[in-house]
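To start, the structure itself, in structure tokens.
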Amino acid sequence: MEQQNAPQTPKKVALHTLGCRLNLSETGSIAQGFVDRGYEIVPFGETADVVFVNTCTVTDQADSSCRQLIRKAHRSSPEGRIVVAGCYAQMDPETIKAMQGVDLVLGTSEKYKVFDYLEEEADQVVRTDKTAEFYGAATTPSDSHTRAFLKIQDGCNYVCSFCIIPQARGRSRAISVAEALSEGRKLTDQGFKEIVLTGVNIGEYETASGEKLVDLVSGLLNLEGLERLRLSSVEPNTLTDELIELLRSSPKFMDHFHIPLQSGDDEILSSMRRKYTVADYEKVIAKVMKAFPEAGIGADVIVGYPGEKEEQFKRTFELMRRLPLTHFHVFPYSKRKNTLASRMETQIPFAVKKERVKTLMMLGEAKLSLFSEDQIGRESLVLFEKRGKDGLYSGHTTNYVKVKVQTQEELNNQIRRVHLTEMKNGELLGKLV
């Protein structure tokens, strides 16, 4: 009797993402590509045949984190093929190439061709060609996220003095409205209840696509099966009255915004080549709060920008204290190669930057705590994500406050009404209604 061949063990792949929600959407699409080719996804740090690291290069710390992850990948999978892709790979491929164990270095566009390169099985490949082509991406079930990130735009035409991302990702380009709606339908068909629109600068959508962002958003808000929609970071100069009114008119849009500030001083904003003043920013926040009185609002800020005087930092601190900002994203200025700010002679000492970051972070933590306390006694619809080690199930309110509940039910990817009851050990707790 002829002996049957034993079933072949599937290859394993481990993936790790650094950086923004845009990177998360891209890793999600690539993860699905591995699954479609028969790979089993295992947690990063476990032994795998392929380890894929999608990198970020927005700061020196991001670069350092990337290198640490590459070393961890080699330790966990010494026989596996290590692929380093994305923005850091685009900007500094030679450093990555020299690291032990790295097989493939693929830039921001080449990472989508990872499967072709893996089939070639060459000793080492370094490809960082940029392209004007738009590569779509979205979270997939393979990526195990509850919220779906849908990429609608890539690249940036702005030339902010501190930013390396236009060099890493190229000029602005975008998906069409029809393609975005098609991707949205796929996501709802896969069971996702919430979509987050992502891009480098989604406010540039119309410039990049020739179509209106409000038409794309309106189409998604009318999608059957979609229950919640959020926008990722939107530049203040691109958050139009028309867009705010559209968002206000739909119960599907969540009252949560992320509006980068970068500095609360006009002289610094001008040096940064930002496209708004402090007064412009204040007007945008006022419009958002009028339309969404309970909104959570996140803001990026850079401290220690070259030449930033103490009084200029204090203006930033006072502005962020005074405005209804709830989620602070604070970064020390980091010199990025070939940017205008990197050539400025008035660089701020590391110790000063560190202290300013600490000061703003403390303010941000206090404001988020107060904002969370203000939710007590209210009810909110919460999209639940996972059960923690403490046994409590956690999710986020509409205005993006994390809440935990005690329950025996399995609530993953369910939207439930929650009565917000108390703050305990710095965490907002609630009860299912």
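Nothing in this text is a laboratory measurement; each read-out follows from the coordinates by a stated rule. Since the model is a prediction, treat every value here as computed from it, not as a measurement. A quick note on method: Cβ atoms are made from the backbone with ideal geometry, for glycine too, and the neighbour counts reach across all protein chains shown.
Separation of the alpha carbons by more than 23 angstrom is noted, of Lys11/Lys111; Lys72/Lys337; Lys354/Lys424; Lys151/Lys252; Lys335/Lys367; Lys72/Lys111, for Lys72/Lys337; Lys354/Lys424; Lys335/Lys367.
Take every Cα pair under 8 Å whose residues are at least 6 apart in sequence, average their separation, divide by the length of the chain, and the relative contact order is 10 percent.
Can you bin region 1-95 into rounded, prolate or oblate? Criterion: square roots of the alpha carbon gyration tensor eigenvalues sorted a ≥ b ≥ c, rounded for a/c under 1.5, prolate for a/b above b/c, oblate for the rest. Numbers along the way, then the final one.
On the way: a/c = 3.16, a/b = 2.06, b/c = 1.53.
It is prolate, given that a/c is not under 1.5 and a/b is the larger ratio.
Starting with the fewest neighbours, write out Phe350, Phe149, Phe253, Phe313 ranked by other beta-carbon atoms found within 10 Å of each beta-carbon. Please report the intermediate quantities before stating the final value.
Details: Phe350 10, Phe149 28, Phe253 19, Phe313 24.
Fewest-to-most Cβ neighbours within 10 Å comes out as Phe350, Phe253, Phe313, Phe149.
Counting only Cβ charges, +1 for Lys and Arg and -1 for Asp and Glu, the dipole size of the chain around its Cα centre is about 980 debye.
From the helices alone, meaning DSSP H stretches of at least four residues, give me the mean residue ellipticity at 222 nm for the chain, per-run term -39500 (n - 2.57), in deg cm²/dmol to the nearest 500.
Numbers: 14 runs with 149 residues, N = 433.
It comes out at -10500 deg cm²/dmol, rounded to the nearest 500.
Each of Tyr393, Tyr135, Tyr305, Tyr88 was scored by other Cβ atoms within 10 Å of its Cβ. Arranged with the fewest first, they read Tyr135, Tyr393, Tyr305, Tyr88.
Hydropathy first: keep DSSP H helices in the chain averaging at least -1.0 on Kyte-Doolittle, then drop any whose Cα extent along the axis falls short of 27 Å, and list what survives.
On the way: long enough: 350-374 (36 Å, -0.01).
Result, helices passing both filters: 350-374.
Out of region 170-234, which GluC sites (Glu not before Pro) are coil in DSSP terms and have no more than 13 other C-beta atoms within 10 Å? Please report the intermediate quantities before stating the final value.
Numbers: sites: Glu179, Glu183, Glu194, Glu204, Glu206, Glu211, Glu224, Glu227; in loops: Glu211, Glu224, Glu227.
Filter output for region 170-234: Glu224.
Residues Asp123, Asp154, ranked from the fewest to the most other C-beta atoms within 10 Å, line up as Asp123, Asp154. Computed from backbone phi with θ = phi - 60° and the Karplus coefficients 6.51, -1.76 and 1.60, the 3J(HN,Hα) list for region 378-394 is 9, 10, 8, 7, 10, 8, 7, 10, 6, 8, x, 5, 7, x, 8, 8, 10 Hz; x is used for glycine and proline.
Residues whose amide H falls under 5 Å from that of Val303, counting only those 5 or more places apart or on a different chain, are Phe331, Tyr333, with hydrogens built in the peptide plane.
Taking the chain as a whole, the Cys residues whose C-beta sits 4.7 Å or farther from every other Cys C-beta are Cys20, Cys56, Cys66, Cys87, Cys156. Simple point charges give the picture: +1 on the Cβ of Lys and Arg, -1 on the Cβ of Asp and Glu, and for region 167-232 a dipole about the Cα centre of about 240 debye. Within the straight-line cut-off of under 17 Å between alpha carbons, the lysines reachable from Lys113 are Lys130, sequence neighbours fewer than 8 places apart in one chain being disregarded.
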